[in-house]
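The values are calculated or read from the model by the stated rules, or taken from the named source; none is laboratory data. What you see is a predicted model, and the numbers here were worked out from it, not measured in a lab. Don't worry about glycine lacking a Cβ; one is built from the backbone with ideal geometry, like all the others, and counts go over all protein chains shown. Protein only, heavy atoms only, side chains kept; ligands, DNA and RNA dropped before computing areas. Shrake-Rupley method; radii C 1.70, N 1.55, O 1.52, S 1.80 Å.
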Amino acid sequence: MRRSWKMALSGGLRCCRRMLAWVPVLVIVLVVLWSYYAYVFELCVVTVANTIEKVIYLTVYHALFAFFIWTYWKSIFTLPHQPHQKFFMSYGDKERYENEERPEVQKQMLLDIAKKLPVYTRTGNGAVRFCDRCHLIKPDRCHHCSVCSMCVLKMDHHCPWVNNCIGFSNYKFFLQFLAYSVLYCLYIAATVFQYFIKYWVGDLPNTRSKFHVLFLLFVACMFFVSLMILFGYHCWLLSRNKTTLEAFSAPVFLNGPDKNGFNLGFIKNFQQVFGENKKLWLLPIGSSPGDGHSFPMRSMNESQNPLLANEEHWEDNEEDGRDFPESSSSLTIEMET
């Protein structure tokens, strides 16, 4: 009875936490809905007198608004990608690992698993990265998200404003969302400014629209500044082929930390997120190359990184039944929490 009561309480707390996580998204949605009303009705319909000007304002505005909403939707509802099943411990291995009390045997068990996987990055101690919560060998650039309670491929960060983890599956959509948000705010500020001045100096009558127009400019400028800083930072990360986590803690390879380990040059870095098809660069349609488990790296001397001596690439071999290539390097395995 007592146990069931505790389980019910724990489940209720988790439900409340999930509901509260949507509060930042709700705030953004309410602000956007108000901005739509204020711009379309209070500015364009009520305040702007010139018909041609109204048509131009509304046409451009709705185009930006559509892309803004589309990319925001994709950022929120595109689920983070988890590692392939091959990176997870099997049920039998998991049982043996948890029941084993000798650390050296546990390390050997993990070593046997890691030999079959394309892992090139290490922990700060030089060990293969292992998640003891998901029970998997972490692919390169994969990290455990405590909010999502799972490991996320090429995790960048968990964003409360989209209530989602930003990673390999949706980083392109998140960048597009920031870009269209900046353009959305800039366009509103630029077109509202002249009417803001007219209301301010008294050239327009003091009506209900005055409050909406004045406040619309203030909100647009405030969000533009904050979003521009965030967008600029992620543009810098994109140009260096880094994630937010890698910017704070450089990835560690067998030859040590290398903050530019995945930096291939600006063009290739850009294509790692947006793909090579230029027609899809502006559209929130998935075009990032690869599967999120392995990424091109700067050329390294094979003597510095023995793993690179093996030129075979890991593939999903469930269909043809082939085994994974084994690395000949000797790896020290430690758990990374």
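Checking each residue in the range 101-125 for being assigned to a loop (DSSP other than H, G, I, E, B) and open to solvent by less than 40 Å² (accessible area, probe 1.4 Å) picks out L117, P118, V119, Y120, T123. Assessment of the range 85-93 against the conditions (in contact with a strand residue (DSSP E or B) (Cβ under 6 Å, 6 or more places away or on another chain) and not in a helix (DSSP H, G or I)) yields at least one matching residue. Residues in the range 71-109 that are in contact with a helix residue (DSSP H, G or I) (Cβ under 8 Å, 6 or more places away or on another chain) and not hydroxyl-bearing (S, T, Y): 8 in all.
For the residues V152, V147, the requirement of being in contact (Cβ under 8 Å) with a residue 12 or more places away in the chain, among the aliphatic types (A, V, I, L, M) and crowded, with 24+ Cβ neighbours inside 10 Å singles out V152. Any residue at all in the range 51-70 that is in contact (Cβ under 8 Å) with a residue 40 or more places away in the chain, of a type in the set (D, E) and farther than 30 Å from G286 by Cα? No, the range 51-70 contains no residue that is in contact (Cβ under 8 Å) with a residue 40 or more places away in the chain, of a type in the set (D, E) and farther than 30 Å from G286 by Cα. Quick check, is L214 free of Cβ contacts under 8 Å to residues at least 60 places away in the same chain, within 22 Å of Y57 (Cβ to Cβ) and not assigned by the TED database to the domain that holds M155? In short, yes.
In the range 34-51, the qualifying residues are those that are farther than 21 Å from N206 by Cβ and hydroxyl-bearing (S, T, Y), and the one that is surrounded by the most Cβ atoms within 10 Å (Cβ to Cβ) is S35.
Residues are listed down the side, and each one gets a yes or a no for (1) over 25 Å from Q108 (Cβ atoms); (2) at pLDDT 50 or above:
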position: F248; (1), (2): yes, yes
position: N269; (1), (2): yes, yes
position: N277; (1), (2): yes, yes
position: S288; (1), (2): yes, yes
position: D291; (1), (2): yes, yes
position: S299; (1), (2): yes, yes
position: Q304; (1), (2): yes, no
position: G321; (1), (2): yes, no
position: S327; (1), (2): no, no
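For the range 64-80, the candidate set comprises residues that are buried (at least 20 other Cβ atoms within 10 Å of the Cβ) and part of a loop (DSSP other than H, G, I, E, B); within that set, the residue that is modelled with the lowest pLDDT is P80.
Taking the criterion of being within 30 Å of Y39 (Cβ to Cβ), over 11 Å from the mean Cα position of the chain (by Cα) and not in a loop (DSSP other than H, G, I, E, B), the only residue of the range 127-176 that qualifies is Q176.
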